[in-house]
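Chemist: Starting off with a structure, shown below.
Each reported figure results from applying straightforward, stated rules to the coordinates on display, with no laboratory input. A quick note: this is a predicted structure, and the numbers were derived from the prediction, not measured. Cβ coordinates were reconstructed from backbone atoms using ideal geometry, including for glycine residues, and neighbour counts include every protein chain displayed.
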Amino acid sequence: MPSIFHLAFHVHDLDASRHFYGTVLGCGEGRSTDTWVDFDFFGHQISLHLGTPFATTNTGKVGEHMVPMPHLGVILQMAQWQALADRLTENNVAFVLPPGIRFAGQPGEQATMFFCDPSGNPIEVKGFADLDTVFAH
């Protein structure tokens, strides 16, 4: 079994976060208290704690786009990525960078999209047709 990462970060509202991560993203909820909640974020553990979210700026240059830094991300198989993109669109999630393909025809070709959770934490989700090409160069 590959390693599982854990990331803990702040959110403003646990109820809004539960709806977004649980209902919109489809992540299973784990343990919780009055001040934090864990989610299975596509096989990894995230812990959302009440507090002030980290500051972000659009300073990450990827291709022709400036993307929010820092950001949380996950890489999915293309079919799972497309299903999530469709679910986000159906739920009227505002995209920082709408679903699209970058590096087309090049090593590392990928689908990507950026959006924020209700507390403004940026998330990138990438989709690959073949996960063996994630580190291709």
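Chemist: Give me the net charge for the shell around PRO70: Cβ to Cβ below 15 angstrom, other residues only, Lys and Arg +1, Asp and Glu -1.
Modeler: -1
Chemist: Given the options MET66, PRO118, ASN92, identify the residue whose Cα lies farthest towards the positive end of the charge dipole of the chain (+1 on Cβ of Lys, Arg; -1 on Cβ of Asp, Glu).
Modeler: Result: MET66, furthest along the dipole toward the positive end.
Chemist: Express the relative contact order of the chain as a whole percentage, based on alpha carbon pairs under 8 Å and six or more residues apart in sequence.
Modeler: 22 percent
Chemist: If you place +1 on the Cβ of every Lys and Arg, -1 on the Cβ of every Asp and Glu, and leave all else neutral, what size is the dipole of segment 57-133 about its Cα centre, to the nearest 20 Debye?
Modeler: In total the dipole reaches around 160 debye.
Chemist: Now for a separate question. Using the 2.2 N^0.38 Å rule of thumb for compact globular proteins, work out how the chain stacks up: its C-alpha Rg over that value, please.
Modeler: Expressed relative to 2.2 N^0.38 Å, the Cα Rg reads 1.05.
Chemist: So if I place +1 on the C-beta of Lys and Arg and -1 on the C-beta of Asp and Glu, and nothing else carries charge, what would the dipole magnitude of the chain be about its Cα centre? I want it in debye, nearest 20.
Modeler: With only Lys, Arg, Asp and Glu charged at Cβ, the dipole is about 240 debye.
Chemist: Let me ask you something else. Explain nothing, just compute: Karplus ³J(HN,Hα) = 6.51 cos²θ - 1.76 cosθ + 1.60, θ = phi - 60°, for every residue of segment 83-88 in order, whole Hz, x for Gly and Pro.
Modeler: Coupling constants for segment 83-88: 4, 5, 4, 5, 5, 5 Hz.
Chemist: Still on this structure, I have one more. Sum -39500 (n - 2.57) across every DSSP H segment of at least 4 residues in the chain, then divide by the residue count to get the 222 nm mean residue ellipticity, nearest 500.
Modeler: Estimated from H runs of four or more residues: -3500 deg cm²/dmol.
Chemist: Next question, about the same structure. Over the Cα atoms of segment 6-50, what is the Rg over Rh ratio if Rh follows Kirkwood?
Modeler: With Rg and the Kirkwood Rh in hand, the quotient comes to 0.91.
Chemist: Oh, and also: If you average the sequence gap of Cα pairs under 8 Å that are 6 or more apart and divide by the length of segment 6-50, what percent do you get for the contact order?
Modeler: 47 percent
Chemist: Whole percent per 10 Å bin, from 0 to the bin with the longest distance: what is P(r) over all C-alpha pairs of segment 57-133?
Modeler: Each 10 Å bin holds this share of Cα pairs: 19, 53, 27, 2.
Chemist: Could you calculate the FRET efficiency of ASP86 with GLU29 from 1/(1 + (r/R0)^6), where r is the beta carbon distance between them and R0 is 30 Å, rounded to 0.05?
Modeler: In this case the efficiency is close to 0.85.
Chemist: Now for a separate question. Rounded to whole Å and sorted largest first, list the principal axis extents of the Cα atoms in segment 4-83.
Modeler: 42, 32, 23
Chemist: About the Cα centre of segment 6-50, how large is the charge dipole given +1 on each Lys and Arg Cβ and -1 on each Asp and Glu Cβ? Please answer in debye to the nearest 20.
Modeler: Dipole size: approximately 80 debye.
Chemist: Quick one: compute the contact order of segment 1-75, relative version, from alpha carbon pairs under 8 angstrom and 6+ residues apart, as a percent.
Modeler: Relative contact order of segment 1-75: 29 percent.
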